[in-house]
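Enquirer: Okay, here's the structure, questions in a sec.
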Amino acid sequence: MSYITKSPWIIHYDGSSCNGCDIEVLACLTPMYDVERFGIINTGNPKHADIFLITGSINEQNVSVVKQIYEQMPEPKAVAAIGICATSGGVFKDCYNIMGGVDTVIPVDVYVPGCAARPEAIIDGVVRALGALDEKKKAMEKRPHETTTAAEAVANLDRMGLPDGAPPEPLEELVLPGDDIEVKYFGTQPDDESADDSKNSGSGKEEA
Amino acid sequence: MSERKDLIQDIVTIEASHLLESVSDIKSEGYRLGQACATKAEGAVEILYSFEKDETLKNFKVSIEDKDPEIHSISGIYWPAFIYENEMHDLFGITFRNLALDYGGHFFKIASETPWNPVEDRGAKPREASGKELKSAKTDKENKKDKVDKERKGK
Amino acid sequence: MAKRTIIPFGPQHPVLPEPIHLDLVLEDETVVEAIPSIGFIHRGLEKLVEKNEWPEMVYVIERICGICSFGHGWGYCKSVEGNLGITVPPRAEYLRTIWHELGRMHSHLLWLGLLADSFGFESLFMHSWRLRETVLDIFEETTGGRVIFSVCKVGGVRKDVPDEKLAEIAGTLRGMIPELKELTDVFLEDLSVKNRLEGVGVLSTEDAKELCAVGPVARGSGVRMDVRLDGHGAYADLGFEPCVEEGGDSMARCKVRVRELFQSIDLIAEAAGHMPGGDIEVKVKGNPSGEFVGRMEQPRGEAYYYSKGNGSKFLERIRVRTPTNANIPALVRMLQGCDLADVPVLVLTIDPCISCTER
């Protein structure tokens with residue numbers, strides 16, 4: 001029996017949301033609806049999380065952020081898209097800066113519509129995500145020594161649009177205080193890197 | 001109800017060359033900068049600056065041509081204006097000379113460039129009546145979706 | 001010479017409910033410079049005026065921000081009503097004022113909870129949000145929604161609230177006062193809270209005026225400015241005086257918000273007691289043409305609503321300048337010279353609403 005569904009930890013990220021669904025997600029943790037009695041904790045660290053609650057739709061700025069959070073979560077993981085903006089773009093679907101709902105960048109297990117989604121609906125969505133998590137855990141237990149096969153790993157990378165195969169370059173030597181290293185910024189970057197980077201956040205693949 | 005100061009609208013159109021002078025005068029009278037925004041008009045871009053003191057507003061409107069819009073920045077007089085001017089630069093393509101803190105077009109990283117004043121539309125009327133065509137475009141997509149759903153349900 | 005490092009703060013951070021990115025230039029542990037980089041929540045919704053007719057645009061404008069949602073709806077309606085030249089009936093103005101003040105209460109309680117959470121005082125966060133639920137219950141009983149409740153429209157409001165219900169609401173809020181006092185006393189008197197807030201992020205009065213700060217950030221630095229003094233809504237009749245604190249540090253800003261919380265209860269009770277009768281809406285004919293610059297006092301400060309119409313069903317421009325947008329230069333100034341550990345607290349004391357800033 002899988003204990004992972006007994007006390008799932010969630011990580012919450014807001015990608016271009018108006019905050020309505022975010023405060024309802026936080027309201028689930030507070031004494032009125034109180035999901036902490038089920039052992040659900042809102043953690044700030046993706047590496048500790050089981051369920052990714054995402055609100056708001058995707059725009060060009062936060063594509064890489066959402067992907068990085070998703071990649072850092074260990075398997076098995078589930079994603080719940082909270083609110084109609086995360087499901088499909090909502091009332092902002094025709095805006096010039098909106099790409100669409102969350103499923104344009106990462107696979108989603110549960111969609112919770114609403115504007116703003118009510119805490120009861122959010123809790124219902126999390127419970128269904130637990131079901132999905134349970135199935136994934138059972139599928140993982142069939143192969144006890146590896147989480148994914150090599151072919152599945154390549155397929156995962158393909159689906160997320162990342163280059164496959166090549167491992168990250170290992171650091172050749174220790175970096176000591178006082179060394180001059182090139183600072184990489186976090187976030188998306190315009191294609192020509194000759195632009196002055198010190199005043200904007202350029203992109204970097206952040207080594208986790 | 002007693003006096004409604006919020007209904008007093010005071011919008012003065014001034015020339016771009018007189019902008020710095022008028023803004024310096026208004027600063028010495030003790031007004032603070034409220035906001036600055038741009039609107040696309042026919043063949044031009046109109047910038048509206050709002051200043052406030054004692055709950056009354058004073059607005060200046062400047063009209064510049066929209067092919068390569070350029071104007072002097074007021075961030076030398078009011079430093080916080082850099083926020084509004086960077087935004088106008090990103091959305092409308094207006095160049096501000098002597099901007100105090102210049103993000104070089106990367107304040108808002110957006111998918112399309114200068115969406116309010118696209119390069120191909122400069123010199124044309126603003127797209128005010130285009131709502132109808134865009135609305136019907138959406139309905140076409142919805143119609144297609146309905147058709148596919150109906151086929152799937154085997155109706 | 002101390003070594004300079006650049007640390008990125010955000011966009012995903014446990015203390016931030018919304019993504020904002022700051023590049024902090026540090027010398028050892030002191031912040032020397034902070035460069036904000038926004039754009040994670042930019043949706044470009046002002047351009048939706050081309051696709052939504054002006055009566056429907058209020059739904060989009062309300063969803064700029066879920067916390068100050070009613071204020072945005074009212075600001076938009078005010079701007080378009082000014083454009084059309086219509087006056088809403090007094091009962092609608094009073095109802096709008098009551099909902100707006102309730103929105104201010106829930107926003108300040110939310111902020112108090114997030115502030116407590118940011119320096120690790122989680123039980124205080126839970127208490128603040130538990131008290132906030134009472135206000136959300138009032139919203140749900142009167143409008144049907146907890147967070148975004150589309151009750152403001154051009155020409156008035158959509159729903160009426162009977163006078164007995166308003167008296168009951170005033171009674172409930174008055175009954176909350178002892179618990180609120182207990183909660184806010186912790187914020188203002190507790191030694192551990194004081195250590196984190198006093199003397200942190202000082203913004204002098206001259207700086208606040210120079211940087212055009214708005215809202216509790218300006219009022220906490222001794223600048224007496226509040227849009228509610230201009231007499232819109234029911235404020236002219238209710239005899240309103242803004243809460244101003246000297247000091248300019250985070251504790252002063254906290255005190256301003258706590259005092260506004262109690263002031264809102266008084267304003268609501270007074271408005272409920274003097275409710276005028278009559279209609280709640282007026283029929284609107286024609287389309288807006290011309291321009292109007294309206295202002296509103298959101299919980300975070302002064303917001304501008306500029307609308308321009310051309311006589312057709314689609315507005316030509318709607319521009320919302322939100323208070324956090326105006327407070328960013330003040331934040332950049334406050335961050336210079338502070339410790340790295342104080343950065344989350346400072347970012348929270350301006351009550352950032354990044355979805356408002358970026359629209």
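Enquirer: For segment B:5-124, what number of Lys pairs, 8 or more residues apart or on separate chains, have alpha-carbon atoms under 25 Å from each other?
Expert: The result is 13.
Enquirer: Report, as an integer, the average count of C-beta atoms from other chains found within 10 Å of each Cβ along A:86-95.
Expert: On the way: counts 0, 0, 0, 1, 3, 9, 6, 3, 11, 13.
So the per-residue partner count for this stretch is 5.
Enquirer: Shifting gears a bit: Mind listing the long-range amide H neighbours of residue C:160? Cut-off is under 5 Å, sequence gap 5 or more, other chains count too, H placed in the peptide plane at 1.01 Å from N.
Expert: Answer set, sorted by chain and number: none.
Enquirer: Taking 8 Å as the Cα distance limit and 6 or more residues as the minimum spacing, I'd like the relative contact order of segment C:40-358 as a percentage.
Expert: Numbers: 553 pairs, mean separation 85.5, N = 319.
About 27 percent, as a whole number.
Enquirer: Sticking with the crude label model, points 7 Å out along Cα→Cβ, report the distance from residue A:151 to residue A:135 in nm, one decimal please.
Expert: Using points 7 Å along Cα→Cβ, the separation is 2.1 nm.
Enquirer: Taking each residue in A:55-66, count the Cβ atoms of any other chain within 10 Å of its Cβ, then average. What number comes out? Intermediate values should be presented prior to the final figure.
Expert: On the way: counts 1, 6, 2, 0, 11, 7, 14, 8, 0, 0, 6, 1.
Counting Cβ atoms of other protein chains within 10 Å of each residue's Cβ and averaging gives 5.
Enquirer: A follow-up question, please. Would you mind giving the total buried accessible surface between chains A and C, with a 1.4 Å probe and ligands, DNA and RNA left out, rounded to the nearest 100 Å²? Spell out each step's value before the answer.
Expert: Values: alone 12890 and 14470 Å², together 23580 Å².
Buried: approximately 3800 Å² between C and A.
Enquirer: I would also like to ask the following. I need the calculated FRET efficiency for the pair residue C:246 and residue C:141, taking r as the beta carbon distance and R₀ as 41 Å, to the nearest 0.05. List each step's numbers first, then the result.
Expert: Details: r = 40 Å, r/R0 = 0.96.
Computed FRET efficiency for residue C:246 and residue C:141 comes out at 0.55.
Enquirer: Nearest 10 degrees, 0 to 90: what angle lies between the long axis of helix C:163-189 and the longest principal axis of chain C (Cα atoms)?
Expert: So the helix axis and the longest Cα principal axis differ by about 10 degrees.
Enquirer: Spelling out what I want: for every residue of segment A:70-78, take phi, set θ = phi - 60°, compute 6.51 cos²θ - 1.76 cosθ + 1.60 (Karplus), and round to whole Hz; glycine and proline get x.
Expert: 5, 5, 6, 6, x, 6, x, 9, 10
Enquirer: Can you classify segment C:40-358 as rounded, prolate or oblate using the Cα gyration tensor, where a ≥ b ≥ c are the square roots of its eigenvalues, rounded means a/c under 1.5, and otherwise it's prolate if a/b beats b/c and oblate if not? Each step should come with its number before you reach the end.
Expert: Details: a/c = 1.94, a/b = 1.34, b/c = 1.44.
Since a/c reaches 1.5 but b/c is at least a/b, the shape of segment C:40-358 is classed as oblate.
Enquirer: Using the alpha-carbon atoms, what tilt in degrees (0 to 90, nearest 10) does helix C:69-84 show relative to the longest principal axis of chain C?
Expert: 50
Enquirer: Applying the Karplus parametrisation 6.51 cos²θ - 1.76 cosθ + 1.60 with θ = phi - 60° to the phi angles of segment A:32-47, what ³J(HN,Hα) value in whole Hz is obtained for each residue in order, glycine and proline being reported as x?
Expert: So the Karplus estimates, Gly and Pro as x, are 5, 9, 6, 7, 5, 5, 8, x, 8, 10, 8, 9, x, 10, x, 6 Hz.
Enquirer: Using the Karplus curve 6.51 cos²θ - 1.76 cosθ + 1.60 with θ = phi - 60°, work out ³J(HN,Hα) for each residue of segment C:141-147 in order, rounded to whole Hz, and write x for Gly and Pro.
Expert: So the J values, rounded to whole Hz, are 6, 8, 10, x, x, 8, 10.
Enquirer: Once you place label points 7 Å from the Cα toward the Cβ at residue C:289 and residue C:195, how far apart are they in nm?
Expert: That separation, rounded to one decimal, is 6.7 nm.
Enquirer: Next question. Just to be sure I understand the model, the point goes 7 Å from the Cα along the line to the Cβ. What's the resulting residue C:341 to residue A:32 distance in nm?
Expert: Taking the two extended label points, one gets 3.5 nm.
Enquirer: Using only atoms on other chains, find how many Cβ atoms lie within 10 Å of each Cβ of peptide B:30-43 and report the average.
Expert: Values: counts 1, 1, 12, 3, 9, 14, 3, 10, 2, 7, 2, 4, 0, 0.
What the average comes to for B:30-43 is 5.
Enquirer: Taking all protein chains together and a probe of 1.4 Å, list C:315, B:99 from the most accessible to the least accessible. Please report the intermediate quantities before stating the final value.
Expert: On the way: C:315 5, B:99 30 Å².
Largest accessible area first, the residues go B:99, C:315.
Enquirer: Can you classify segment C:111-176 as rounded, prolate or oblate using the Cα gyration tensor, where a ≥ b ≥ c are the square roots of its eigenvalues, rounded means a/c under 1.5, and otherwise it's prolate if a/b beats b/c and oblate if not? Mind showing how you got there, number by number?
Expert: Working: a/c = 3.64, a/b = 1.83, b/c = 1.99.
Cα axes put segment C:111-176 in the oblate bin.
Enquirer: Using 0.36 nm per residue of separation minus the Cα-Cα distance, give me the extension gain between residue C:164 and residue C:209 in nm, one decimal. Each step should come with its number before you reach the end.
Expert: Values: separation 45, 0.36 × 45 = 16.20 nm, distance 4.41 nm.
Gain in length upon complete extension: 11.8 nm.
Enquirer: Suppose all protein chains stay in the model; what accessible area per residue would a 1.4 Å probe give for segment B:5-124, in Å²?
Expert: Values: 4600 Å² over 120 residues.
Accessible area per residue: 38 Å².
Enquirer: Using amide H atoms built 1.01 Å from N in the peptide plane, name the residues 5+ places from residue A:50, or on other chains, whose amide H lies under 5 Å from its own.
Expert: A:9, A:10, A:11
Enquirer: Now for a different question. Considering lysine pairs in segment A:9-141 that are 8 or more places apart or on different chains, how many have Cα atoms under 21 Å apart?
Expert: 11
Enquirer: Would you check segment C:196-339 for Lys pairs whose C-alpha atoms are within less than 24 Å, ignoring same-chain pairs closer than 8 in sequence, and give me the count?
Expert: Working: C:209/C:255; C:283/C:308; C:283/C:313; C:285/C:308; C:285/C:313.
Pairs that pass both the separation and distance tests number 5.
Enquirer: Can you tell me how segment A:9-141 classifies by the Cα gyration tensor, rounded, prolate or oblate, using a/c under 1.5 as the rounded cut? Don't skip to the end; give the middle numbers.
Expert: Values: a/c = 1.73, a/b = 1.22, b/c = 1.42.
Oblate shape, in that a/c is at least 1.5 and b/c is the bigger or equal ratio.
The values are calculated or read from the model by the stated rules, or taken from the named source; none is laboratory data. Everything quoted here is computed from the prediction, not taken from an experiment. Neighbour counts run over all protein chains shown; Cβ positions are idealised from the backbone, glycine included. In case anyone asks, the SASA skips ligands and DNA or RNA and just uses the protein heavy atoms, side chains included. Shrake-Rupley method; radii C 1.70, N 1.55, O 1.52, S 1.80 Å.
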